[in-house]
1. Which numbered condition in (1) within 30 Å of Glu459 (Cα to Cα); (2) of a type in the set (S, T, N, Q); (3) part of a helix (DSSP H, G or I) is the only one that Thr40 fails?
2. Scan the stretch 69-83 for residues that are open to solvent by 10 Å² or more (accessible area, probe 1.4 Å), over 14 Å from Ala24 (Cβ atoms) and within 16 Å of the ligand (Cβ to nearest atom) and jot them down.
3. With the structure loaded, tell me whether Ala107 is at pLDDT below 95 and either open to solvent by less than 80 Å² (accessible area, probe 1.4 Å) or aliphatic (A, V, I, L, M) (or both) or whether it fails that test.
4. Being at pLDDT 95 or above, of a type in the set (A, V, I, L, M, F, W, C), open to solvent by 20 Å² or more (accessible area, probe 1.4 Å) and assigned to a helix (DSSP H, G or I) is the requirement here; does Ala397 meet it?
5. Being open to solvent by less than 40 Å² (accessible area, probe 1.4 Å), assigned to a loop (DSSP other than H, G, I, E, B) and on the phi > 0 side of the Ramachandran plot narrows it down to one of Gly211, Gly229, Gly196, Gly163, so name that one.
6. Please work out which residue is nearest to the ligand (Cβ to nearest atom), limiting yourself to the stretch 291-306 and to residues that are under 20 Å from Val365 (Cβ atoms) and hydrophobic (A, V, I, L, M, F, W, C).
7. State which residue is farthest from Gln27 (Cα to Cα) when the search covers only the stretch 416-430 and only residues that are open to solvent by 50 Å² or more (accessible area, probe 1.4 Å) and in contact (Cβ under 8 Å) with a residue 40 or more places away in the chain.
Amino acid sequence: MFSPEMFRLHGHSLIDLLADRLSAQLQGQGAVLPWRDPVTEDTRWQRPLPQQPTLDAEHWLQQLQQDILPGGLAIHHVRNMGHQVAAPLPMAALCDLVASLSNQAMAVYEAGPTATMLERQVIRWLSTLVGWDSPRLNGLLTSGGNQANLTALLAARQRALPGNSWQQGVPSQGRLCILASEHSHYSISRAAGIMGLGTAAVVTVACDAEGRMQPAALQQAHAACVAQGQQVMAVVASAACTPTGSIDPLGAIGLYCRAHQLWLHVDGAHGASGLLSARHRMALDGIALADSVVWDGHKLLYMPATVSAVLFRDPANRHAAFAQEASYLFQGDTMDDFNTSTSTLECTKRMMGLKLWTAFSLYGVEGLGALVDQVYGLAQQLAHKLAADPAFELLMAPQTNIVCFRHRGEDSDRHAMNAHQAVLRQRLVQSGAFHITQVTLDGQIWLRTALMNPFTSAEDLDALLAALQQPLQ
Ligand SMILES: Cc1ncc(COP(=O)(O)O)c(C=O)c1O
C-alpha cells in the first residue's frame with residue numbers, strides 16, 4: 001500500500017496518461033461531455049463493498065483511462081464553455097499532488113509550517129493586488145467561494161453586534177439585514193440562513209439593465225431598512241455577478257458604505273482576477289474601499305478546485321469570524337496568529353497556498369493577467385458575432401468573460417422562446433460537441449457561456465453559433 005516504487009511506477013504512467021488527455025483536449029479532440037443519463041449511470045455504481053481487492057494497480061489505471069476519465073467533463077476542451085470552473089494550470093495540478101502526499105494538515109502551525117508560510121505569502125500578494133499593503137496578515141485561504149463568503153459575513157456580523165455574537169448568538173430585536181444585489185450568488189443568502197439571520201434578512205438591491213447594482217437603489221434599500229428598525233450588517237457587491245458577469249460600481253458603493261459606516265463585502269469570487277490585467281483592472285476601481293473581499297483561485301486564477309481567499313482591509317478582522325476555544329489546539333498566545341484554523345471554518349485543510357505561490361512564481365502577474373485578457377477578449381469576440389447575426393439576441397455587452405444570449409427561433413411568445421432555449425442547450429450539451437449553461441432572468445431563459453479556456457478560438461465560437469442553428473429534429 002505504501003510502496004515508494006509502486007508510487008513512482010504508477011505515478012509516471014498516470015502523468016503520461018493525463019498529459020495525453022490534456023493535449024487532446026487543448027486540440028479540441030473528443031467529446032466535451034460524454035452525456036450519460038444519471039439514473040441509468042447510477043445502476044453501474046452499485047457493486048457490493050469489496051472485502052477483498054477487486055483491482056490491481058494496472059487495472060486501476062486501465063479503468064481510469066477507459067472509463068473514469070472519459071466519463072467526465074473535459075475541462076481543458078476548447079469547446080467547454082459552460083461553468084465558471086478553471087481549466088487548471090498543469091503545474092498547479094502537480095502542486096495538488098504534492099499537497100495530497102505531504103498532507104500538511106494546516107490546522108496549527110506545527111502541522112504544516114511551510115504550508116502556513118506559503119498561505120501567508122499568497123495572502124499578502126493578493127492583498128497587494130486589491131490595493132492593501134498591510135504589515136499584518138489580513139486574510140486566509142479556505143475551500144471555495146461559498147465558505148469564503150460565509151467567513152467574511154461572520155466577521156461582519158461579529159463587528160455589527162455589540163458584545164460577542166459568537167458566544168451570545170443573534171438577538172431577535174433590531175434584526176440584522178444584508179443588502180445585496182439582486183444578482184448576488186446564492187451563497188450570500190445561504191450564509192444568512194446558516195448564521196441564523198434567516199434568508200429573509202437578505203434585502204435585494206435592484207440592478208440596472210447591465211446587471212449592476214444601482215447606487216440609488218442601495219440608498220433606498222438602506223433607508224427602508226433603517227425605517228423598519230433593522231440594522232444593516234453588510235452590503236454585498238458582486239464583482240462579477242454569476243448570471244451575467246456584471247461588475248457592480250464598487251467606487252460609488254464603497255464611498256456610500258464609508259459615509260454610512262456600513263461593512264462592504266465584495267464577492268469577487270469570479271471577477272477579482274481582473275485585478276491581474278492592466279486592461280481590465282479599472283473595472284474594479286473602488287475595490288480597496290471594501291472591508292472584505294472574496295477571490296476564488298479555481299475560477300480565473302486557473303487553479304484546480306478548491307482554493308479561495310478571504311481578505312480583510314483591517315487585519316484585526318481576520319480573527320473576527322471565529323472566536324473558538326480549543327486548548328488541545330490553541331494556547332491563546334502569539335502562536336495563534338500562525339494557526340490557520342483560528343480564522344477558517346476548517347480545522348484540517350489542504351495545503352492550498354502552494355499552487356498559487358507556484359503560479360505567481362512561475363508566470364507572474366503578467367502571465368496570469370494575460371489569461372484573463374485572453375478570455376475577456378473571447379467574450380467580446382462572441383458578443384460581436386452575436387450582435388452581427390440576426391439569428392441571435394445578445395443580452396448585454398459582456399463585462400467579463402460571461403456572455404448571455406438567445407437564439408431567436410420561430411417563436412414569439414415568451415413560454416415557447418424559453419422552451420426553445422432549454423431544448424437547444426440540452427441538445428447541444430448531450431451531443432458532447434459543446435458545453436454551455438443557461439440562466440433565467442426576469443422569467444426569460446438565456447443561453448450562457450463562461451469562456452474560461454484561453455485556447456478557445458474564433459473558429460470554436462463560430463462553430464458554437466453554427467451548432468445552435470442546426471434545425472431541431
Ligand atoms: C460570484 C460568486 N460567488 C461565489 C461563488 C461560489 O463559489 P464556490 O463554487 O467556489 O463555492 C460563485 C460560484 O460560481 C460565484 O460566481
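The values are calculated or read from the model by the stated rules, or taken from the named source; none is laboratory data. Please read all numbers here as calculations on a predicted model, not as lab measurements. Backbone-built Cβ (ideal geometry, glycine too); neighbour counts: all protein chains shown. Side chains included, ligands, DNA and RNA excluded: accessible areas come from the protein's heavy atoms. Shrake-Rupley method; radii C 1.70, N 1.55, O 1.52, S 1.80 Å.
1. Tallying (1) within 30 Å of Glu459 (Cα to Cα); (2) of a type in the set (S, T, N, Q); (3) part of a helix (DSSP H, G or I), Thr40 fails exactly one: (1).
2. Matches in the stretch 69-83: Leu73, His83.
3. yes
4. no
5. On inspection, the qualifying residue turns out to be Gly211.
6. Val294
7. Only one residue tops the list, namely Val423.
Residues are listed down the side, and each one gets a yes or a no for (1) at pLDDT 95 or above; (2) within 24 Å of His183 (Cβ to Cβ); (3) open to solvent by 10 Å² or more (accessible area, probe 1.4 Å); (4) in a loop (DSSP other than H, G, I, E, B):
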site	(1), (2), (3), (4)
Ala433	yes, no, yes, yes
Thr440	yes, yes, yes, no
Arg448	yes, yes, yes, no
Phe455	yes, no, yes, yes
Glu459	yes, no, yes, no
Ala463	yes, no, yes, no
Ala466	yes, no, yes, no
Gln470	no, no, yes, yes
Gln473	no, no, yes, yes
